[in-house]
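The values are calculated or read from the model by the stated rules, or taken from the named source; none is laboratory data. Everything numeric in this text was worked out from a predicted model, so none of it was measured. Please note: Cβ atoms are built from the backbone with ideal geometry, for glycine as well, and neighbour counts cover all protein chains shown. Note: accessible area is taken over every heavy atom of the protein model, side chains too, but ligands, DNA and RNA are not part of it. Shrake-Rupley method; radii C 1.70, N 1.55, O 1.52, S 1.80 Å.
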Amino acid sequence: MAGWLGKAASVVMVFIATWGATILYWRNSGTVPTGMQMLAYLGLLPVGLSSAGFMLRGALQRGAASALDRAAPDDGRAGSANHEAGTPASVAPPSVALLAGTLRLGIDLDAPSLLAMAAVPPRPSLDGRFRDNYNLPVRMSAAKDLDEFEVVQVRQDGIDTAAHERRALALLRPVLEELLETVFTTLPEVVASEEVVVAGLRRRDEQRVENVLTIELLVSGSWSDPLRHWAQEWLLDQARRSGLDARRFDARITMLDGAREVWPHLQRMIDALATDQPRWHLVLAASSSIDSAVVAAWQASGVLATAQNPDGRVPGEGAAGVLLSSAALAHEGAGRLWRPQLVRAEQIEGQRPAEQRRQLAALATNWHASLCQDPVQPQFVLHDADHRGDLMVDAAAIAATLAPDLDFSPQSLALAVSAGELGPVLPVAQLALAHAQLQRQAEPVLLLGVADNQQRLFGLVDPLPSPTLPADVPSAT
């Protein structure tokens, strides 16, 4: 009732003010209004002013209410965010199944043999084919008796090839053949089409075949464009020759120049396999620096390891491959590859090496604790420290934090010390070695990347706690 009385009073006041002002104006100006002017000024004008006042008042009230409504959820979200910041939730990173792996390096040792020599790994030897500016032989890790023309020739289908490209493909061929055999036996069989009778007519009921496998080859950006296209067609042809249905897979070539680019690529790959429909991913890598042009370029730029520059880069070569899949497709004996953790340089604030090692050890501890409720200590370490001594100290310090009982010297392998410069092959080779170590001893394997000052890495491969039964594996369609 009070609201209606207020509105009526405001209308009366508007009429009184309008009439008083209008009549006063007419008397002072001597104007004699007509009937229409009297209707407009004494009737329509006060009604219009009253209506406009009510509309403006309603709009202001609605605006204030809307502002309050918006403020309430924001305050709620801010409170929730503050609560989460105070008690952060620990979410385990995604993981995929590591089904198989193999490699071929310049040291001419397979994965089990190389792991067996972890305490005293072989070293690159002097090669008289390449000499430095002082006419001294260059130390390198080159495959002996390798037929570099096994896959491509100097001029292949009108494409000029380089020695490092030919050697990389020659090293890749046996790796590819072995893994394609594994893929062929791993993929479930395609449901055969059947002849059915519909309305008295016999027809073949064709089953849809889906693409469930990606074959990807990682190569250096120095490869020529024509050769990369040729290599893609070669991969497709090799897969078809192995018995794989062409409708079930695709092949691609990816250019990545080193481990710094490969690890983020593997992260994205793991994310995709962990979230999308069940799939398989065959990751291959091939690289070689055993090429007179490459050695000369390193020599000219001052990065080649020589007697005068012992901390330089040692030429090496190799090829490696691993078969990854969604966790639901794992079989007995497969490993579990957790999404690796990358640490950027800006995350390590210390200037002194000892302080940086303490920060890396703390970051590694937090990462290891996030993997599962009761993380198991690693029993073997694969790292990328090379012949520079300070890198080996970094790897040992992190390993000692995560696994105090681990004897670092016999229970770790520095692949770069034996194989030299591997480019994009190094991370894939580490995964292949991790799979081989799981087959030797079903215990967790720690992966460490300490050689790159701009990016450090923690990774883990462990046995799957409960392998998927064959009956649970989805059938191919």
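Suppose accessible area is computed on protein heavy atoms with a 1.4 Å probe; arrange F408, F149, F458 from highest to lowest. It would help to have the intermediate numbers written out before the result.
Details: F408 40, F149 85, F458 0 Å².
Ranked list, largest accessible area first: F149, F408, F458.
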Practice task
Can you tell me which of 294-303, 256-265 comes out highest on packing, and rank the rest after it, using the mean Cβ neighbours within 10 Å?
Solution key: 256-265, 294-303
Exercise for the section: At 0.36 nm per residue, minus the direct Cα-Cα distance, what do V209 and D145 gain on full extension? Give it in nm, one decimal, please. Expected result: 18.8 nm
Exercise for the section: Would you please classify the overall shape of region 259-358 from the alpha carbon gyration tensor, given that a ≥ b ≥ c denote the square roots of the eigenvalues, rounded means a/c under 1.5, and beyond that prolate means a/b larger than b/c while oblate covers the rest? Expected result: oblate
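Sort the following peptides by mean Cβ neighbour count (other Cβ atoms within 10 Å, averaged over residues), highest first: 448-457, 281-290. Kindly include the intermediate steps, with their values, before the conclusion.
On the way: 448-457: 19.6, 281-290: 27.3.
The most tightly packed comes first, giving 281-290, 448-457.
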Handout entry: Candidate residues E421, E233: accessible-area rank, largest first, probe 1.4 Å
Key = E233, E421
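Hey, can you rank 108-116, 410-418, 337-345, 94-102 by average C-beta count inside 10 Å, highest first? Each step should come with its number before you reach the end.
Working: 108-116: 16.2, 410-418: 21.1, 337-345: 18.6, 94-102: 23.2.
Descending packing order for the listed peptides: 94-102, 410-418, 337-345, 108-116.
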Fill in the blank from the handout: Interchain or sequence-distant (5+) residues whose placed amide H lies within less than 5 Å of the amide H of E421 are V314, G316
Exercise for the section: Report Y134's accessible area, 1.4 Å probe, all protein chains in place, as a number in Å² to the nearest 10. Expected result: 150
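Length gain on complete extension for the stretch H331 to T275, per 0.36 nm per residue less the alpha carbon to alpha carbon distance? Before the final figure, lay out the partial values.
Values: separation 56, 0.36 × 56 = 20.16 nm, distance 1.89 nm.
Difference between extended and current length: 18.3 nm.
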Completion exercise
Once A297 and V120 are pulled to full extension, the length gained, defined as 0.36 nm per residue separation minus their Cα-Cα distance, is 60.6 nm
Practice task
Report, by chain and number, residues whose modeled amide H sits under 5 Å from the one on R336, excluding near sequence neighbours (fewer than 5 apart, same chain).
Solution key: L98, D462, L464
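Tally Lys and Arg at +1 and Asp and Glu at -1 over the other residues with C-beta under 12 Å from the C-beta of V262: what net charge comes out? Each step should come with its number before you reach the end.
Numbers: positive: R260, R268; negative: E216, D257, E261, D384, D452.
Combined, the nearby Lys, Arg, Asp and Glu give -3.
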Problem - Exposure of I215 as accessible area (Å², to 10), given a probe of 1.4 Å and all protein chains - result: 0
